[in-house]
Amino acid sequence: MDTVLRGAPIHDEPDAGRIEALSVAASEAKRLYDLGTWERLRGEHEVALLRYREALRRYPSFLAARSDLAGLLVLRGELEEAETEFRLVLDQDSMHRPALKGL
């Protein structure tokens, strides 16, 4: 997911701490996303929504989590919020197929 951010901290750059912090946040977001996906596949949509939202709080640029969150919102009939989430994905990646299909 974040190959640029992965690895040992770069000590000769002034923002090395920020890079490491982003990597930790991205890893935790991925873990939460994976849990949410497992729960979604089991039909536990409410818990999955909470996991996806928590993943996005930790790493807002996580497009898969945002797209899957939007898909669950569609299933719940929360179409305006789903549209907002899909558009946020497309703002970052205008060719993101799941968001294009969902929208």
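Below, the figures for the structure above:
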| item | result |
| --- | --- |
| Scan of the stretch 39-58 for residues that are without any contact (Cβ under 8 Å) to a residue 24 or more places away in the chain and basic (Lys, Arg), ordered by number | Arg42, Arg51, Arg53, Arg57 |
| Residue, modelled with the highest pLDDT, within the stretch 1-41, restricted to residues that are of a type in the set (Asp, Glu) and in contact with a Lys or Arg (Cβ under 8 Å, 6 or more places away or on another chain) | Glu39 |
| Filtered residues of the stretch 74-94 (kept if in contact (Cβ under 8 Å) with a residue 24 or more places away in the chain and part of a helix (DSSP H, G or I)) | Val74, Leu75, Val89, Gln92 |
| One residue from Leu72, Leu41, Leu79, Leu49 being of a type in the set (A, V, I, L, M) and within 23 Å of Val24 (Cα to Cα) | Leu49 |
| Number of the exception - Glu44 against (1) open to solvent by less than 70 Å² (accessible area, probe 1.4 Å); (2) out of contact with any Lys or Arg (no Cβ under 9 Å at 6 or more places or on another chain); (3) modelled with pLDDT under 95 | (3) |
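The values are calculated or read from the model by the stated rules, or taken from the named source; none is laboratory data. All of these numbers come straight from a predicted model, not from anything done at the bench. Virtual Cβ from ideal backbone geometry, glycine too; neighbours counted across all protein chains shown. To get the accessible areas, we keep the full protein, side chains included, count just its heavy atoms, and leave off ligands, DNA and RNA. Shrake-Rupley method; radii C 1.70, N 1.55, O 1.52, S 1.80 Å.
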